[in-house]
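The values are calculated or read from the model by the stated rules, or taken from the named source; none is laboratory data. The structure displayed is predicted, hence computed values, not measured ones. Glycine also receives a Cβ, built like all others from the backbone with ideal geometry; neighbour counts cover every protein chain displayed.
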Amino acid sequence: MNDKFQDFLEITRKAFKESFSKINKIYIGFFVFLIRAIFMNSRALSMMGGGFVGGLINYFIEVAILCFVAQSMRSVVVYGNTGKKSISNSINNYWQAMLSTFFYFYLIEMIINFLPVYSDMRVFLYVAFNFLMSALLEEVYMNGNAGFDALKKSAKFVCDNFLTYGIFSLICLIVITKLTFNGSIEFTSKALYILLIAAVDLIFYLVRGHLFKYLNKHSYRQRKFMRG
């Protein structure tokens, strides 16, 4: 247990250190996350319409935004550059993968929403599912997985790395959900509120991406051996 805690501290330290060393390279990513924050907050406040057609439009818009998120994160996390030259290829690189992956993601969310259970249980299932899917984007842009296979790989990765990855992801999920669905913000502070969501979401994705990169590259046994 002591060695696992040491592993957690070492991996987390590395992820934060590398993330903040690239802080000057995330301006493209911040713009992408700002657009995502505006969209997510608008959807949370039911400003983009409802019904089947509205839901379908929201789905395609979110998939398109996620393509840009994946490309910007790959540029910074994997290659260590701003992504200025590659961001225009986001749709070409990730549209099919994101479309198939998030089709299953939203299908399962829809099933959870229509389950004949108490609201508290539905919230628990929703949080649990999103927690298991917290490595979904990384599975797509780092490992090249897509569709239902990406969902299975994400769930396995989170379960296998519960301490080193899962706890941080759970904190991310709670904080971002709380920020996004907080409808009590005054209109005068809306701009700062959106900027806050974008900045927090970006930092979480950046750190989580580096955590995923380290954990995906070396198993616990390999990391333990390297520590001596």
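Can you confirm whether residue 72 is touching a residue at least 12 places away in the same chain (Cβ under 8 Å), among the small types (Gly, Ala, Ser), under 17 Å from residue 36 (Cα atoms) and in contact with a Gly (Cβ under 7 Å, 6 or more places away or on another chain)? Here the answer is yes, as residue 72 does meet what is asked.
Taking the condition farther than 18 Å from residue 195 by Cα, of a type in the set (S, T, N, Q), buried (at least 21 other Cβ atoms within 10 Å of the Cβ) and in contact (Cβ under 8 Å) with a residue 24 or more places away in the chain, does residue 82 pass?
Numbers: farther than 18 Å from residue 195 by Cα: yes; of a type in the set (S, T, N, Q): yes; buried (at least 21 other Cβ atoms within 10 Å of the Cβ): no; in contact (Cβ under 8 Å) with a residue 24 or more places away in the chain: yes.
So residue 82 does not fit the description; no.
Restricted to helices (runs of 4 or more DSSP H) entirely inside segment 124-221, those with at least 2 residues that are among the β-branched types (Val, Ile, Thr) are 167-180, 190-217. Residue-level check: of (1) touching a Phe, Trp or Tyr at 6+ places or on another chain (Cβ under 7 Å); (2) in contact (Cβ under 8 Å) with a residue 40 or more places away in the chain; (3) closer than 25 Å to residue 100 by Cβ, residue 127 misses just (1). Consider segment 201-216 and keep the residues that are over 12 Å from residue 13 (Cα atoms) and surrounded by fewer than 21 Cβ atoms within 10 Å (Cβ to Cβ). The one that is farthest from the chain's Cα centre (by Cα) is 216. Test residue 100 against the stated conditions and say whether it is outside any helix (DSSP H, G or I), surrounded by 15 or more Cβ atoms within 10 Å (Cβ to Cβ) and among the small types (Gly, Ala, Ser). So residue 100 fails the test.
Evaluation of residue 129 against the conditions (1) over 20 Å from residue 109 (Cα atoms); (2) at pLDDT 95 or above; (3) among the aromatic types (Phe, Trp, Tyr) shows that the sole unmet condition is (1). For residue 21, indicate whether it is under 27 Å from residue 147 (Cα atoms) and under 21 Å from the mean Cα position of the chain (by Cα). No: the conditions fail for residue 21.
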